[in-house]
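A.B. asks: Let me give you the structure first, and then I'll get to my questions.
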Amino acid sequence: MPDVVVDRIGDALWIRLNRPERRNAFDPAMSAAVVEAFEDAPSARAVVLTGSGGSFCAGGSLQQLSTPTTGQMRGLYQSSLRLFDAVRSCPRPVIAAVNGAAAGGGNELVVACDLAVAARSATFGQTGPRVGSAPVTGATNVMGVQIGEKRAKELAMLCRRYTAEQAREIGLVNEVVDDDALEDTVTAWCDELARLSPRYLEITKISSNIWWNAARDSFTNGLGMLVQAVGSADMVEGATAFLEKRKPSFPGPE
């Protein structure tokens with residue numbers, strides 16, 4: 001089964017994350033496949049990023065975090081950053097068609113996309129401190145620009161879950177539609193974009209990237225700190241508890 005399924009529907013390129021058994025959580029191989037899929041974006045008028053099997057994306061795969069090595073984790077973090085950069089550097093507008101849970105890095109994918117349409121059953125939220133990590137590639141920086149600093153810290157620190165309608169109210173997504181209307185609605189958005197100038201849409205996107213570009217050093221600094229924390233008791237306990245489907249028991253402050 002391929003990690004990523006790519007379809008051309010009219011003038012739009014649809015990129016579908018395709019690991020439903022792990023809720024489309026990305027590992028380095030999947031991230032690389034998505035980056036490769038984005039290489040065809042210039043031939044389209046818009047790009048749609050979505051998931052398969054009723055999930056959007058559960059973020060980075062936690063399989064390695066319970067028995068991590070520095071090399072493995074550095075590879076996972078860097079491949080994740082390349083994935084987010086591919087979304088932002090894409091010359092075409094990228095729409096997140098959020099068809100299910102967008103958790104952790106999946107929520108940060110929504111932050112990275114230019115536009116977002118959510119199915120009514122979709123949910124959103126960060127997971128970092130709950131699973132022994134921190135959301136440094138969008139949630140602790142750029143998301144504050146999108147929804148406000150206090151709201152962004154609420155998502156990043158408390159790890160709560162939010163409905164699609166709540167996500168729309170705080171500005172994380174543009175529109176919420178019934179589940180069976182999601183693909184038709186996103187297709188209509190793509191058709192609308194296709195009637196506009198691709199040259200000036202690209203200029204608009206490049207100009208709009210100012211806050212993402214300003215936060216880019218924060219991403220690399222944050223990932224560097226995460227690498228230094230590889231193998232920590234908090235990381236191992238958070239990932240192990242997640243895989244064992246139990247509440248984590250983190251040690252107190254050192």
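A.B. asks: Beyond 14 Å, what share of the Cα-Cα pairs of the range 102-143 remains, rounded to the nearest whole percent?
C.D. replies: 45 percent
A.B. asks: So, one more: Using helices alone, what [θ] at 222 nm do you get for the chain, with -39,500 (n - 2.57) per DSSP H run of 4 or more residues, divided over all residues and rounded to the nearest 500?
C.D. replies: For the chain, the value works out to -14000 deg cm²/dmol.
A.B. asks: Could you tell me which residue out of PRO20, GLY75, GLY100 lies farthest along the dipole of the range 1-107 toward its positive end? Charges go on the beta carbon: Lys and Arg +1, Asp and Glu -1, centred on the Cα centre.
C.D. replies: Working it through, the farthest residue towards the positive pole turns out to be GLY100.
A.B. asks: Counting only protein chains, not ligands or nucleic acids, how are ILE9, ILE206, ILE147 ordered by accessible area (probe 1.4 Å), most first?
C.D. replies: So the residues, ranked largest to smallest area, are ILE206, ILE9, ILE147.
A.B. asks: Now, a different point. Under 5 Å between amide H atoms, partner at least 5 residues away or on a different chain: which partners does GLY60 have, H built in plane at 1.01 Å?
C.D. replies: Those qualifying (amide H under 5 Å, at least 5 residues apart or on another chain) are PHE26, GLY105, GLY106.
A.B. asks: How much length, in nm to one decimal, is gained on full extension between ALA194 and LYS153, taken as 0.36 nm per residue of separation minus their Cα-Cα distance?
C.D. replies: Difference between extended and current length: 11.2 nm.
A.B. asks: Rounded to the nearest whole Å³, what is the per residue volume of the convex hull around the Cα atoms of the chain?
C.D. replies: 119 Å³
A.B. asks: For the chain, with only Lys/Arg (+1) and Asp/Glu (-1) charged at the beta-carbon, what is the dipole magnitude about the Cα centre, in debye rounded to 20?
C.D. replies: Dipole of the chain, to the nearest 20 debye: 520 debye.
A.B. asks: Also, I was wondering about something else. For the range 149-221, state which trypsin sites (Lys or Arg not before Pro) are in a DSSP loop and have at most 10 other beta carbons lying within 10 Å of their beta carbon.
C.D. replies: Hits after loop and neighbour filter: ARG195.
A.B. asks: At 20 °C and a viscosity of 1.002 mPa s, what translational diffusion coefficient does Stokes-Einstein give for the range 25-113, taking Rh as the Kirkwood radius over Cα pairs? Give it in µm²/s as a whole number.
C.D. replies: Calculated translational D: 160 µm²/s.
A.B. asks: Give me the extension gain from VAL145 to PHE250: residue separation times 0.36 nm, minus the current Cα-Cα distance, reported in nm with one decimal.
C.D. replies: 34.7 nm
A.B. asks: I would also like to ask the following. Label points 7 Å out from Cα along the Cβ direction at ASP234 and ASN213: separation in nm?
C.D. replies: Simple spin-label model gives 3.3 nm for this pair.
A.B. asks: Based on the alpha-carbon gyration tensor of the range 40-81 and its eigenvalue square roots a ≥ b ≥ c, which shape applies: rounded if a/c is under 1.5, prolate if not and a/b is larger than b/c, or oblate?
C.D. replies: Because a/c hits 1.5 or more and a/b fails to exceed b/c, the range 40-81 counts as oblate.
The values are calculated or read from the model by the stated rules, or taken from the named source; none is laboratory data. On a predicted model such as this, the values are computed, not experimentally measured, just so you know. Positions of Cβ are backbone-derived with ideal geometry, glycine not excepted, and every protein chain shown enters the neighbour counts. Ligands, DNA and RNA are excluded from the accessible area calculation, which covers all protein heavy atoms including side chains. Shrake-Rupley method; radii C 1.70, N 1.55, O 1.52, S 1.80 Å.
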